[in-house]
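The block underneath contains the structure these notes are about, expressed in structure tokens.
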Amino acid sequence: AETCPTWAPMGELEQHITADIAFAAKQYLSMSNDTAWLRREGYELIESCADFYVSKAEMGRAARDDGKPHLLCVIPPDEYAECVDDSAYTNAVAKIALDAAVAAARRLGRAPKREWAEVSRDLPVPFDPTLEFHPEYEGYTAGTPIKQADVVLLSYPLMKQMSARVRNNDLS
């Protein structure tokens, strides 16, 4: 059940929080090796998060019918950015949640849902190859004021692989 106040758009649109929970579960499992917890309650939690992202991913879109999944109209950790498409942080942490579900299923000897890997593989994390940085979201213009530097979270704690130059550009 949604617990965010209905007068604020955050509950409906700040969809990274679901993946943040799956990421925390993945981290717990990595540190504890608690397969009993995974079997008892963790798998259902991680599976539900992955299913959420599969249900939210929209294939293609009018402006660019590329046949890839996109998370549209989300609020990233930077709440100044309301209803943006393909938030770099949201998409990156959603990919982690989807991959965590695949790994958890395999760890328990279950067959992972095909859609988890497909959405994870194709969900874009915006990147500008000319300026060598991750725009906060699709259509973000470098230098636009932000409330929270959420792309900095790609390198830590999400540990997204990138060069030192890209990491520094993201920070700048």
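Here are some notes:
- Filter pass, Ala105 being part of a helix (DSSP H, G or I), in contact with a helix residue (DSSP H, G or I) (Cβ under 7 Å, 6 or more places away or on another chain) and not hydroxyl-bearing (Ser, Thr, Tyr): no
- Residues (under 18 Å from Asp86 (Cβ atoms) and open to solvent by 70 Å² or more (accessible area, probe 1.4 Å)) located in the range 109-128: Arg121, Phe127
- Of the candidates Ala164, Ala142, the single residue that is farther than 19 Å from Asp78 by Cα and open to solvent by less than 80 Å² (accessible area, probe 1.4 Å) is Ala164.
- Criterion violated by Lys160 - all others in (1) closer than 23 Å to Lys68 by Cα; (2) in a helix (DSSP H, G or I); (3) in contact with a Leu (Cβ under 6 Å, 6 or more places away or on another chain) satisfied: (2)
- Test: Gln148 is more than 27 Å from Asp65 (Cα to Cα), modelled with pLDDT of 95 or more and not in a helix (DSSP H, G or I): no
- Matching residues in the range 30-56 - criterion: being open to solvent by 20 Å² or more (accessible area, probe 1.4 Å), hydrophobic (A, V, I, L, M, F, W, C) and within 25 Å of Glu14 (Cβ to Cβ): Leu45, Phe52, Val54
The values are calculated or read from the model by the stated rules, or taken from the named source; none is laboratory data. Bear in mind that the values here come from a model prediction, so they are computed numbers and not experimental data. Cβ sites come from the backbone with ideal geometry, for glycine too, and all protein chains shown count toward neighbours. These accessible areas exclude ligands, DNA and RNA; they are computed on the full protein's heavy atoms, side chains included. Shrake-Rupley method; radii C 1.70, N 1.55, O 1.52, S 1.80 Å.
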